[in-house]
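Student: Got a structure for you, questions after.
Please treat every number below as a calculation from the coordinates, not as lab data. Bear in mind the structure is a predicted one, so any value in this text is a computation, not a measurement. Reconstructed Cβ throughout: ideal geometry from the backbone, glycine too, with neighbour counts over all protein chains shown.
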Amino acid sequence: MKLAETIAQVRDIVKQWKHDGKSVGLVPTMGYLHEGHLSLIERARKENDRVVVSIFVNPTQFGPNEDLDSYPRDLEHDMALCKGAGADLIFHPTPAEMYPKSFCSFVDMDVLTKELCGLSRPVHFRGVCTVVSKLFHIVTPDRAYFGEKDAQQLAVIRRMVQDLNMDIDIVGCPIVREPDGLAKSSRNTYLSPEERKAALVLSRSIFAGKQLAEQGETDATVIRNKMSEIIEAEPLAKIDYVKIVDLNTMQQIPTLDRPFLAAIAVYIGKTRLIDNFMMTQLSNPGGVKS
């Protein structure tokens, strides 16, 4: 496994791979890897001849009062995990490498970025689209892998690839959870023992909402209220949003009559965590199946 810190190094390595007829998978990350990231790398390993993992805490997707400076970082640990999961190359650029002083071009999107995380983090998705677009142009992968925990991000990237005619397959991979149900996240490390216990309200809320939908409930308000009720019962939890949206447009819907995403963002103390469930296959007039 190799480590590259410059765009030129990555391009030279990938160019040789492509010359040799190798397919390339990309797993974009911000580092501090956990089992969720490893599931993406392992999936990429199965489906491609070569695998690139980018490790870059992208400054353009953080707002002024967010956790850019405190976001956890551990490159040596990440490199060991990448090697064990079968990565061939780690791309670990500096912010100056990705955004030189003269940088002034951004990739933005309308509609899909106006709901959910886009409301409370207005600069977030412009930063995501910009850095992912740059990574796609630098690495030129055949496939790129993203977790379904960041469901809005996944939808945004799929739309960006479609709208900008990028020749890349976007692969979504299932949420990986702790044994007690909490979705894996690098930000879980911020939680105190008491907050870690309180954070289980996210997965309890998600599981309860999904159960209602699977039982045939089609009123989005009923499901949303049940999910909110569970979260609000936890004193350390503060809701950012609990919403049910069209899976393709990210716009809120009143009835579960199409593929949808039920998404939550909750502050546990000062730590903002997200979780979701989605259902995509229409089954009968009473609802949809996951």
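Student: Determine which lysines satisfy two conditions relative to Lys226: a Cα distance under 30 Å, and not lying fewer than 8 residues away in the same chain.
Tutor: Lys114, Lys149, Lys184, Lys197, Lys210, Lys238, Lys243, Lys270, Lys289
Student: How are the C-alpha pair distances of the chain spread across 5 Å bins, as whole percents from the shortest bin up?
Tutor: 1, 5, 12, 15, 18, 17, 13, 10, 5, 3, 1, 0
Student: Separation of region 6-43 and region 227-278 by C-alpha centroid, Å?
Tutor: Value for the Cα centre distance between the two parts: 32 Å.
Student: Related question: Filter the trypsin sites (Lys or Arg not before Pro) in region 1-82 to those in DSSP coil with at most 15 other Cβ atoms within 10 Å of their Cβ, and list the result.
Tutor: Within region 1-82, the qualifying trypsin sites (Lys or Arg not before Pro) (loop, at most 15 other Cβ atoms within 10 Å) are Lys22, Arg73.
Student: Estimate the FRET efficiency between Asp20 and Asn248 by the formula 1/(1 + (r/R0)^6), using the beta-carbon distance for r and 30 Å for R0, to the nearest 0.05.
Tutor: Rounded to the nearest 0.05, the efficiency is 0.20.
Student: Kindly provide the trypsin sites (Lys or Arg not before Pro) of region 165-273 that DSSP labels as loop, not H, G, I, E or B, and whose Cβ sees at most 12 other Cβ atoms within 10 Å.
Tutor: Lys270
Student: For region 87-146, which trypsin sites (Lys or Arg not before Pro) pass both filters: DSSP loop (anything but H, G, I, E, B) and at most 16 other C-beta atoms within 10 Å?
Tutor: Answer in residue order: Lys101, Lys114.
Student: From the phi of every residue in region 216-227, what ³J(HN,Hα) in whole Hz does the Karplus formula 6.51 cos²θ - 1.76 cosθ + 1.60 yield, where θ is phi - 60° and glycine or proline is x?
Tutor: Each residue of region 216-227 in turn: x, 5, 10, 7, 4, 5, 4, 5, 4, 5, 5, 5 Hz.
Student: A further question follows. In whole angstrom, how far apart do the alpha carbon centroids of region 48-69 and region 93-129 sit?
Tutor: So the two Cα centres are separated by 11 Å.
Student: Specify which residue in the list Val132, Ile7, Ile175 is farthest towards the positive end of the charge dipole of the chain, using unit charges on the beta carbon of Lys, Arg (+1) and Asp, Glu (-1), about the Cα centre.
Tutor: Farthest towards the positive pole: Ile7.
Student: Please list the non-local residues whose amide H lies under 5 Å from the amide H of Ala237, H modeled 1.01 Å from N, same-chain partners needing a gap of 5 or more.
Tutor: Placed amide hydrogens put nothing under 5 Å from Ala237.
Student: Moving to a separate point now. In straight Cα distance, which aspartates and glutamates are under 20 Å from Lys83, not counting same-chain residues fewer than 8 positions off?
Tutor: Glu5, Glu35, Glu42, Glu47, Asp49, Asp74
Student: Convert each backbone phi in region 87-98 into a coupling constant with the Karplus relation 6.51 cos²θ - 1.76 cosθ + 1.60 (shift: θ = phi - 60°), then list the ³J(HN,Hα) values in order as whole Hz, x for Gly and Pro.
Tutor: Going residue by residue, I get 5, 9, 8, 10, 9, 10, x, 7, x, 5, 5, 7 Hz, with x marking Gly and Pro.
Student: Taking the Cα atoms only, what angle lies between the long axis of helix 124-139 and the longest principal axis of the chain, rounded to 10 degrees?
Tutor: Long axis of 124-139 versus the principal axis of the chain: about 30 degrees.
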